[in-house]
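Report on one structure; see the data block that follows.
The values are calculated or read from the model by the stated rules, or taken from the named source; none is laboratory data. None of these values were measured; they are calculated from a predicted model. Neighbour counts run over all protein chains shown; Cβ positions are idealised from the backbone, glycine included.
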Amino acid sequence: MIKYEELYKQVKSRLSETRFKHSEGVVKRAIEYAEIYKVDINLVKLVAIAHDIAKELTEEEIDKYIQKYDIELDKIEKINKNLVHAKIGAFICKNEYDFTEDMVNAVRYHTTGRENMSILEKVVYSADATEENRKYCSTYYVETIKKDIDLGVQEICKWVINKALEDNKIIHLDSIRCYNFYNNRKNAY
């Protein structure tokens, strides 16, 4: 598997300064959460720095990766191109950086979330939404995640869905399933 320092350089070369600053913020926040939930810091750092590796691809590059890795986009991903980077990034991390399946899933679902995420997936999903450079990040989300990561995931997912509704955007089914799963878990106690 690739070393963090090397991956850091490669990701930095692929992203704009602003997007890379976000990725560094995700690493910082993910380490905070990983320490609380006893997740391997080295894995967290790799996934967090790489999570947006495909975020700024051109249409031509997107098409190239879709063909190269035979990636199938679902109907919603075809409409909402903002979601495609997570799927392509997951394939890049698997095939070019030898990420484990759990690490690949953390990249793949960092945007939508999904039901029954692993702790690594929850840490990266939460860190992506709450890193300090996010305009909408509030201490409420950060503190909630630090106390109860499942409730934090649910709250972030609710915010994402509500924002999509406000903006009249299509909501990916993974986000709906994620919200329902964590909401049902909370209500089952």
Item to check | Within the stretch 59-95, considering residues that are closer than 25 Å to Asn168 by Cα and polar (S, T, N, Q), the one surrounded by the fewest Cβ atoms within 10 Å (Cβ to Cβ) | outcome: Asn82
Checklist entry - Just checking, which of Asn162, Asn168 is of a type outside the set (D, E, K, R) and either over 24 Å from Gly25 (Cβ atoms) or touching a His at 6+ places or on another chain (Cβ under 8 Å) (or both)? => result Asn168
Checklist entry - If we keep just the residues of the stretch 125-153 that are touching a Cys at 6+ places or on another chain (Cβ under 8 Å) and not acidic (Asp, Glu), which is nearest to Ala90 (Cα to Cα)? => result Ala129
Checklist entry - Taking the condition under 23 Å from Asp102 (Cα atoms), among the hydrophobic types (A, V, I, L, M, F, W, C) and either out of contact with any Leu (no Cβ under 6 Å at 6 or more places or on another chain) or crowded, with 20+ Cβ neighbours inside 10 Å (or both), does Ile161 pass? => result no
Checklist entry - If Thr139 passes every condition in (1) crowded, with 16+ Cβ neighbours inside 10 Å; (2) more than 16 Å from Asn80 (Cβ to Cβ) but one, which one does it miss? => result (1)
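For the stretch 20-44, give me each residue that is over 17 Å from Lys146 (Cα atoms) and surrounded by 15 or more Cβ atoms within 10 Å (Cβ to Cβ).
The initial filter retains those residues of the stretch 20-44 that are over 17 Å from Lys146 (Cα atoms), namely 20-24, 42-43.
Within the stretch 20-44, Phe20, His22, Ser23, Glu24, Leu43 qualify.
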Checklist entry - From Lys78, Lys87, which residue is closer than 23 Å to Arg14 by Cβ and out of contact with any His (no Cβ under 8 Å at 6 or more places or on another chain)? => result Lys87
Next on the checklist: surrounded by fewer than 16 Cβ atoms within 10 Å (Cβ to Cβ), under 16 Å from Tyr33 (Cβ atoms) and of a type in the set (A, V, I, L, M): which single residue out of Leu120, Leu173, Leu151 fits that description?
Outcome noted: Leu151
Next on the checklist: I'd like to check something: does the stretch 113-120 contain any residue that is in a helix (DSSP H, G or I) and under 25 Å from Ile156 (Cα atoms)?
Outcome noted: yes
Checklist outcome for this item: Taking the stretch 123-143 and the residues there that are aromatic (Phe, Trp, Tyr) and out of contact with any Gly (no Cβ under 9 Å at 6 or more places or on another chain), the one that is modelled with the lowest pLDDT would be Tyr136
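Yes/no per residue for (1) touching a residue at least 24 places away in the same chain (Cβ under 8 Å); (2) outside any helix (DSSP H, G or I); (3) within 26 Å of Phe20 (Cβ to Cβ):
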position	(1), (2), (3)
Asn133	yes, yes, yes
Tyr141	no, no, yes
Lys146	yes, no, yes
Gly152	yes, no, yes
Val160	yes, no, yes
Lys169	yes, yes, yes
Ser175	yes, no, yes
Cys178	yes, no, no
Tyr182	yes, no, no
